[in-house]
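Down below is the structure, laid out as structure tokens.
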Amino acid sequence: MQNPKAKMDKITTKFMDLLNKQTNRQVKIPAMGFSDYFIQTVTAAESLKSDNLEKTQSAENDAEMINAQKSDQEILESIEHIYFQAESDTDMYELKKVLGNGVNYELINSTIAQLRKQHKVLSKKVRQNILEQRGACNEEFIAINETQKELEEALWTCRKARSYLNYARTNLTTTSLEILASYRKREILKELLYSLQAVKKLKSTDVEVQKLLSECNYSGAISLLLRCKDFAVEFTEYNCVQSLNKKLQETLLLTEFQLDTVLNEMILNFDMQKYAKLQEAYKLLNKSLIAMDQLHINFISAIHSSVNSVIRGYNDPNVDENLKYLYEQLCENVEADKYIPCLISLCKTFWTILASYYQMVMWHQNYKLYPLDTAESPDLYIQEKLKKGKSRIWNDILTKICTFLQSSKLKTLKYDQFIQVLSVIQRLKKVGLEFCGEHSDKLIEIMQIQSEEFFQRYHIACLEEICLFLDNESWTVVDSFGNILQLPEFRSVRHTLRRHKSPPVVLLINSPSVDHSPTSNNNCDELVSVHSQDAVSSIYGSYGYFLRFSEKSSPFDGGLDVAMLEEDILSGIVDEASCYFSEESDDEHKSLQGKECEDLTGYNSVTVNNTTLNVFRCIGRYLQMCKLLHSISPKIVMSMLELMDFYAFAVHEIFAKDSVVQMDNFYSPKLEEKLEYVNHHVVPNIKIWPLNFSSLINNELANPDILYGLSQRIVAVESGHCMVQQFQILHTYLNHLLPAQERSMLKKYFDYLNFMMDVGKPVYTCVTSRVIDLTAILTMMAKVKWDVNHVSFHHNNYIDIMNRNIQNFAMRLEEISKQIAIPAEPVWHSMAHVATHLLVEGFSNIKKCSAGGRALMQLDFTNFMSILELISNQKYPECRAYVDFFIKAYYFSNEQFEEWINEQKNLQTPQYTNKQLTNLIVCACISDKRTRQKLLNLVGSDNHLNTSSTSTAT
């Protein structure tokens, strides 16, 4: 207890401090450094003259008047801060201020007046504050009285407690002390027994921990170690416990190391039960987040270490393993024959890692280690970490695969090997899409570049292969061929072609303008009913790779046999890009050769040779590449068209160059454009072109006994025609493969499908132009007297010769038809074309001709055409009109003649040559020189008619 007097002194001191307390914290009481006496003394000593005193009084009055105008608050604020500083010397401060520039009485007087005013205002403010604090002072006095009363009560309580303690001390007996001592001893013994049991348990902890670890009970081992560690903290005063605690700490560290080792094993061999125990153990250690970070590091490390191990396994075994090669160098050291096995091994290794990670993600989605009711739940961090880790792991795998694919060995692979690579990469792309939703654009870009380079070389190789077939072609029909779908190269698209069925081929030939716009048949969403070998495999195939396979089996199993090329890459899943489906078994393949093939083509009679059969196989291989890599589909489809165009070009070069007549009017602008394109853009890429066909040209094509190789010519043309027909089966499917902006290329091609028929015109003309002796017939026609007055009822002798030639030609065709099917219409039309142009040429060479002569011409022509139509069983309205108009032009009036000449001028392809028109005008207007000259001028001024001769007879 404090002395009451000291207490009162303390209270008094607080009260005095309260009186000096200021309510306005900005207002402070300055320590005045000098008094009024000092000011008066200095002023009296310095003011000896009365005028100075008057000035001083005047200054004071002025200062008072100025200060009176200022408010008290402004005066308080004008007080300098030096007056509020406890250790400041205000006397010297004021003296230096007024005497710094000499004695200035006015400044001194004004300063004195200002200080007085400030002192007066400040004193007034202090008094005001004291009055304001009077109420608080009274309250403080009341509080002091209450405090004094409480102190008195506390003093009484202390005195009472001391009296009670004194009574207890007096009445405490020895027996009570003995009871207390016994109880204390018992408690000490119990504590000692507890300590001994704890020490015994700590000593046996290591054995139990190892037993739990061997049983993979990691959470039990960690829990036991943590409990023992807590026990050891309670008994640190014992030296034995300190050593045991140190051993427990080491055991805990070793256990954590073993946990990390087992966690690392989960990357390549995921065990759900073992992983659950690991997570429980890390949760007890409060290291779940650290373990997750370490796990991702282990995944990245496993990718790098495993890929190097796989690549080294396929390197030359004689290479020193101590040499450290970069990954790019290891990829380059893989031999070409080991390239695909190495790629598949890499994909299998990556699949094992991805499958483990995927199962780990699924485990964390199904089991939660911590409650999710808080925003900072560790499970949320784990979920986010796993989500981001997917993309990182997949990108690391892509980087390794892309580096491997960029090696130079990929360029040396054969077609089947490259297709295997595409199959593997397509599956790998689907794995990435299912794993993390990545479309693997970098992988597709690299494969697109590699595929473009490979396909460019392969396309040239296919063209050269076709050249070899052409060089060794016997130009005979392959009897065993029925449909392109029976070829193994088309096996992977049979069911797809059924769903993308094109209109019948025969109808397409007759109607080149086809609607190529996407229809409902192109919609893959409608093709949900996927064909499969059985219902179970179809349902099973509808699941993703990560549900169908585990880390011990992968989508890349199956080895390197040829079956991998034939296997169902998508396993029943609809491919949105290629609409590829599971294909049929071998039994279904056999049944496909029947009615279904005819339904697809609409044409069951085919004529193909070995060369066109090889073109079909090339197209089938091109389709496989389209299916596996859609990004270069436009280029592949364009190459398919080049294969067929090159075949047509080769047929034209072999069989259409030995004609004895001019054939300029046989070529349509579209055919000329196609042949010109092949000659300038395709042929220069073929190193072995031109081929030497001299043996064929000098033997079969020049032999009249076999009708100048007509059977070979027919096989060549009709095989090309059949090739175009069979290609139409792929029309809708190819249209689906191409992007919308690239379909115009295919549409333009299918708009002109009769180009092989156009090629056949000059080819067949090379034969038909030799059936009739053109020179002999023209000579005989020139000897006929055409200016006769009367018409005989018998035709001229040259018609008999032509008729016999036609009859001989028909008999030869009948003999050839026993070997191959004769396309009667184009062959006989070629014959009619040559004959009618021969007649027009002969009629145009006549110098003089009468009306009777024109009637004789009509008689000869009618007789010939009747025999020709009877033998060929064909009608030739165009050929009839061609000759009739030339004969009837003799009877035209001058106006009709002039109109007819103008019509000929406006034709895109003139029917008659300039020479024929000129001879006709000269003969018809032999007596009318003025009209003759007018018409000759009209013909001569026509540049369009001054072209090369379009007649087949010269």
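The values are calculated or read from the model by the stated rules, or taken from the named source; none is laboratory data. Note that the structure is a prediction, hence the values are computed from the model and not measured. Glycine also receives a Cβ, built like all others from the backbone with ideal geometry; neighbour counts cover every protein chain displayed. Protein only, heavy atoms only, side chains kept; ligands, DNA and RNA dropped before computing areas. Shrake-Rupley method; radii C 1.70, N 1.55, O 1.52, S 1.80 Å.
Assuming Asp471 fulfils every condition listed in (1) over 23 Å from Val651 (Cα atoms); (2) open to solvent by 50 Å² or more (accessible area, probe 1.4 Å); (3) at pLDDT 85 or above apart from one, which condition is it?
(1)
Is there a residue being of a type in the set (D, E, K, R) and closer than 18 Å to Val784 by Cβ anywhere in segment 850-859?
yes
Which residues, taken from segment 693-719, are surrounded by fewer than 15 Cβ atoms within 10 Å (Cβ to Cβ) and either hydrophobic (A, V, I, L, M, F, W, C) or within 15 Å of Ala656 (Cα to Cα) (or both)?
Ser694, Asn698, Ala702
Filter segment 681-693 for residues that are closer than 16 Å to His459 by Cα and either at pLDDT below 85 or over 35 Å from the mean Cα position of the chain (by Cα) (or both) and give the result.
Of everything in segment 681-693, those that are closer than 16 Å to His459 by Cα and either at pLDDT below 85 or over 35 Å from the mean Cα position of the chain (by Cα) (or both) turn out to be Lys687, Ile688, Trp689.
Scan segment 100-119 residue by residue and report those that are open to solvent by 80 Å² or more (accessible area, probe 1.4 Å) and either modelled with pLDDT of 85 or more or part of a helix (DSSP H, G or I) (or both).
Of everything in segment 100-119, those that are open to solvent by 80 Å² or more (accessible area, probe 1.4 Å) and either modelled with pLDDT of 85 or more or part of a helix (DSSP H, G or I) (or both) turn out to be Glu106, Gln114, Arg116, His119.
Test of understanding: among Ala291, Ala276, which residue is out of contact with any Leu (no Cβ under 9 Å at 6 or more places or on another chain) and small (Gly, Ala, Ser)?
Of Ala291, Ala276, the one residue that is out of contact with any Leu (no Cβ under 9 Å at 6 or more places or on another chain) and small (Gly, Ala, Ser) is Ala276.
In segment 582-609, which residues are at pLDDT 50 or above and touching a helix residue (DSSP H, G or I) at 6+ places or on another chain (Cβ under 6 Å)?
Val606, Thr607, Val608, Asn609
May I ask you to list the residues in segment 694-732 that are on the phi < 0 side of the Ramachandran plot and more than 55 Å from the chain's Cα centre (by Cα)?
Asn698, Asn699, Glu700, Ala702, Asn703, Pro704, Asp705, Ile706
Every residue in segment 694-731 that is β-branched (Val, Ile, Thr) and modelled with pLDDT under 85, please.
Answer for segment 694-731, where residues must be β-branched (Val, Ile, Thr) and modelled with pLDDT under 85: just Ile697.
What are the residues in segment 89-114 that are touching a residue at least 40 places away in the same chain (Cβ under 8 Å), within 20 Å of Ile75 (Cβ to Cβ) and not aromatic (Phe, Trp, Tyr), if any?
Selection gives Thr90, Glu94, Ile108, Asn109, Ser110, Ile112, Ala113, Gln114.
Select from segment 258-285 the residues that are modelled with pLDDT of 80 or more and among the polar types (S, T, N, Q) and write down the one among them that is nearest to Lys348 (Cα to Cα).
Asn269
I'm trying to understand the selection: among the residues of segment 375-421, which are among the small types (Gly, Ala, Ser) and either under 19 Å from Cys436 (Cβ atoms) or in contact (Cβ under 8 Å) with a residue 12 or more places away in the chain (or both)?
Selection gives Gly389, Ser391, Ser407, Ser408.
Inspect segment 480-502 for any residue being crowded, with 20+ Cβ neighbours inside 10 Å, at pLDDT 85 or above and assigned to a loop (DSSP other than H, G, I, E, B) and give the result as yes or no.
No: segment 480-502 contains no residue that is crowded, with 20+ Cβ neighbours inside 10 Å, at pLDDT 85 or above and assigned to a loop (DSSP other than H, G, I, E, B).
Tell me whether segment 440-462 contains one or more residues that are open to solvent by 40 Å² or more (accessible area, probe 1.4 Å) and either assigned to a loop (DSSP other than H, G, I, E, B) or in contact with a Gly (Cβ under 7 Å, 6 or more places away or on another chain) (or both).
No: segment 440-462 contains no residue that is open to solvent by 40 Å² or more (accessible area, probe 1.4 Å) and either assigned to a loop (DSSP other than H, G, I, E, B) or in contact with a Gly (Cβ under 7 Å, 6 or more places away or on another chain) (or both).
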